[in-house]
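A short worksheet on the structure shown next.
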Amino acid sequence: MIWNAIDFILRETALHLRRERLIAISTISTIAVLMLVLGSMLLFLLDIRQWTFRFGDIVEVRAFFERNYARAEAEKAADEVAGWPEVRNARFVSKEEGWRWLKQNIAGSNQLKGLDNPLSDCISVHAKQPELVSEVSSKLEGLPGVKTVIPGRAESKNKGGFLYALIQFKRIVTWAGVVVSALVALAGIFIVHNTIRLALHSRWREIYIMQLIGAGRGVIAAPFLLEGMIHGALGTLLACCLLLPAHMYLRSASARSVPFITMLPDKDLVPFGLGVLLGGIVLGLTGSAFSVRRYLRRKPEWHA
């Protein structure tokens, strides 16, 4: 019985796809355009995330100890900080290492030769996200023996500072992308819903006859749901064939011309493409489900 139902569903789906070619082409192309727009928005958000993470790595918090603070205790504190959940990495920097770096990288370093080392031991810390810098700074200020934290908690929350502007930019772009992506997804469901309704309207007699002979709602709806899933999968595959190579090209071109712009690595495009494909299938299924549900609520009236 089950195999007969499966065979019927597959045959009906194939018959619908062959019979309604124009509707199928229209639905697939519409979904392809929608998923191309939606995929572009999602890739842009992921690229922005990569870019802000890179700037988060650049933003370094340094906690300077008192000059007479025991080095063994400072190294122990650095190991403790490295285990904090907000911290990506942390390492102990001796005052000798800091003085050598200063003389090698600061303009006019020749004037520093012969001077005594004014620095103290410190901990160099990178937060996991830019939003966590102020929290990390606050916790570093509470460590025993710490004299100065740069940037401090107050400085990291300064509305005129670079870090605050970076965090606000990330939030604005993320929320704008989420809203636009949601609107595109809703538009896609609405368009697929109306397209499938056209196909259902031309087959209302078939649906009515199947109801008269006792076919269950699941058996009647299954071919249309499967058809919507196929439309969604094919349209999304077409969008991915355009979107992913374009992103790979843009990433390669930006790496040569503007290397400071970080984009999503090519190795992450495969799981991204699979996720978009799954989203396209769900989009087609959802649009079909809304349409079929309307026709199965009540038996359509017979018109001669």
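A compact table of results
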| read-out | value |
| --- | --- |
| Looking only at the stretch 123-148, and only at residues there that are among the hydrophobic types (A, V, I, L, M, F, W, C) and under 33 Å from the mean Cα position of the chain (by Cα), the one that is surrounded by the fewest Cβ atoms within 10 Å (Cβ to Cβ) | Leu132 |
| Residue, modelled with the highest pLDDT, within the stretch 60-74, restricted to residues that are loosely packed, with under 14 Cβ neighbours inside 10 Å and more than 22 Å from His126 (Cα to Cα) | Ala70 |
| Selected residue (only one of Glu155, Glu206 is at pLDDT below 80, surrounded by fewer than 16 Cβ atoms within 10 Å (Cβ to Cβ) and under 18 Å from Glu135 (Cα atoms)) | Glu155 |
| Residue within the stretch 282-289 that is at negative phi, out of contact with any Ser or Thr (no Cβ under 6 Å at 6 or more places or on another chain), free of Cβ contacts under 8 Å to residues at least 12 places away in the same chain and surrounded by 12 or more Cβ atoms within 10 Å (Cβ to Cβ) present | no |
| Of all residues making up the stretch 260-292, the number that are at pLDDT 75 or above, under 30 Å from Tyr208 (Cβ atoms) and not hydrophobic (A, V, I, L, M, F, W, C) | 4 |
| Which numbered condition Thr52 fails, given (1) under 30 Å from Asn89 (Cβ atoms); (2) β-branched (Val, Ile, Thr); (3) modelled with pLDDT of 70 or more | (3) |
| Any chance Met229 is at pLDDT 70 or above and over 29 Å from the mean Cα position of the chain (by Cα) | no |
| Scan of the stretch 95-109 for residues that are at pLDDT below 60 and in a helix (DSSP H, G or I), ordered by number | Ser109 |
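The values are calculated or read from the model by the stated rules, or taken from the named source; none is laboratory data. What you see is a predicted model, and the numbers here were worked out from it, not measured in a lab. No Cβ is skipped: glycine too gets one built from the backbone with ideal geometry, and neighbour counts run over all protein chains shown.
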